[in-house]
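See structure below.
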Amino acid sequence: MAHAAPTASRRHHYRSTADTGHTVRNALTRALLAGLVYGVWAAFIKRQMGPVDAGNVFYGILCGALFAACMFVLGRVGPRLKREVHAAAYGVFAGIAAGYLHSLTHSSVLRATVIGLFVGIGVGAAAFYRYYTRED
């Protein structure tokens, strides 16, 4: 009767092209929103309580666009990497972004580096924990 025992069913999950497009759209939307917040934050720090001019607006748009582009690329390429490299990439990205924002406040380079390093370590550790606990 062993041949009549039920077996575990194999379910295949195929992604349709509509699902892939939906995922790309979500990733692009998240990256653009995060880039918008980052750009406004950078422009606000750069302004330093002075009047808003075209230079500040352009600077915020440039910073936001670069941040959004890097985040989108990391979101698309990251899942293909090993979990350690994927977590390290997010940690490096967050550390550089936070360190750069802190450097806009005209504090010392060492302080901006330390802030970026601690943020990068924290984000990298959190990302590694997330990827390690949710592996296939």
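How many residues are within 26 Å of residue 44 (Cα to Cα) and without any contact (Cβ under 8 Å) to a residue 40 or more places away in the chain if we restrict to region 72-83? First the steps, then the outcome.
Restricting attention to region 72-83, the residues satisfying the condition of being within 26 Å of residue 44 (Cα to Cα) are 72-74.
Still in the running and without any contact (Cβ under 8 Å) to a residue 40 or more places away in the chain: 73-74.
Of the residues in that region, 2 qualify.
Condition first: in contact (Cβ under 8 Å) with a residue 24 or more places away in the chain, more than 26 Å from residue 48 (Cα to Cα) and surrounded by fewer than 16 Cβ atoms within 10 Å (Cβ to Cβ). Now tell me which residues in region 84-101 satisfy that.
Of everything in region 84-101, those that are in contact (Cβ under 8 Å) with a residue 24 or more places away in the chain, more than 26 Å from residue 48 (Cα to Cα) and surrounded by fewer than 16 Cβ atoms within 10 Å (Cβ to Cβ) turn out to be 84, 92.
Quick grid of which residues meet (1) out of contact with any Leu (no Cβ under 8 Å at 6 or more places or on another chain); (2) more than 24 Å from residue 25 (Cα to Cα); (3) crowded, with 17+ Cβ neighbours inside 10 Å:
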| site | (1), (2), (3) |
| --- | --- |
| 49 | yes, yes, no |
| 62 | yes, no, no |
| 103 | yes, yes, yes |
| 120 | yes, yes, yes |
| 129 | yes, yes, no |
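With respect to the numbered conditions (1) more than 22 Å from residue 119 (Cα to Cα); (2) in contact with a Phe, Trp or Tyr (Cβ under 8 Å, 6 or more places away or on another chain), which one is the sole condition not fulfilled by residue 31?
The single condition residue 31 does not satisfy is (1).
From 24, 85, grab the single residue that is under 22 Å from residue 116 (Cβ atoms), hydrophobic (A, V, I, L, M, F, W, C) and part of a helix (DSSP H, G or I).
85
I'd like to verify a number: residues in region 22-71 that are in contact (Cβ under 8 Å) with a residue 24 or more places away in the chain and among the aromatic types (Phe, Trp, Tyr), how many?
Counting residues in region 22-71 that are in contact (Cβ under 8 Å) with a residue 24 or more places away in the chain and among the aromatic types (Phe, Trp, Tyr) gives 3.
Take the conditions within 22 Å of residue 64 (Cα to Cα) and part of a loop (DSSP other than H, G, I, E, B) and apply them to residue 102. Does it pass? Let's see the steps before the verdict.
Values: within 22 Å of residue 64 (Cα to Cα): yes; part of a loop (DSSP other than H, G, I, E, B): no.
Answer is no for this residue.
Residue 55 versus (1) surrounded by fewer than 17 Cβ atoms within 10 Å (Cβ to Cβ); (2) under 17 Å from the mean Cα position of the chain (by Cα): which is the lone unmet condition?
It fails just one condition, (2).
Please pick out the residue among 61, 45 that is modelled with pLDDT of 90 or more and either hydrophobic (A, V, I, L, M, F, W, C) or not in a helix (DSSP H, G or I) (or both). Step through it out loud before you land on a result.
Details: 45 fails: modelled with pLDDT of 90 or more.
Matching residue, one of 61, 45: 61.
Can you report the number of residues in region 87-136 which are more than 16 Å from the chain's Cα centre (by Cα) and within 22 Å of residue 76 (Cα to Cα)?
5
The values are calculated or read from the model by the stated rules, or taken from the named source; none is laboratory data. Quick caveat: nothing in here was measured; it's all calculated off a predicted structure. Because the Cβ atoms are built from the backbone with ideal geometry, glycine has one as well, and the counts that use them run over all protein chains shown.
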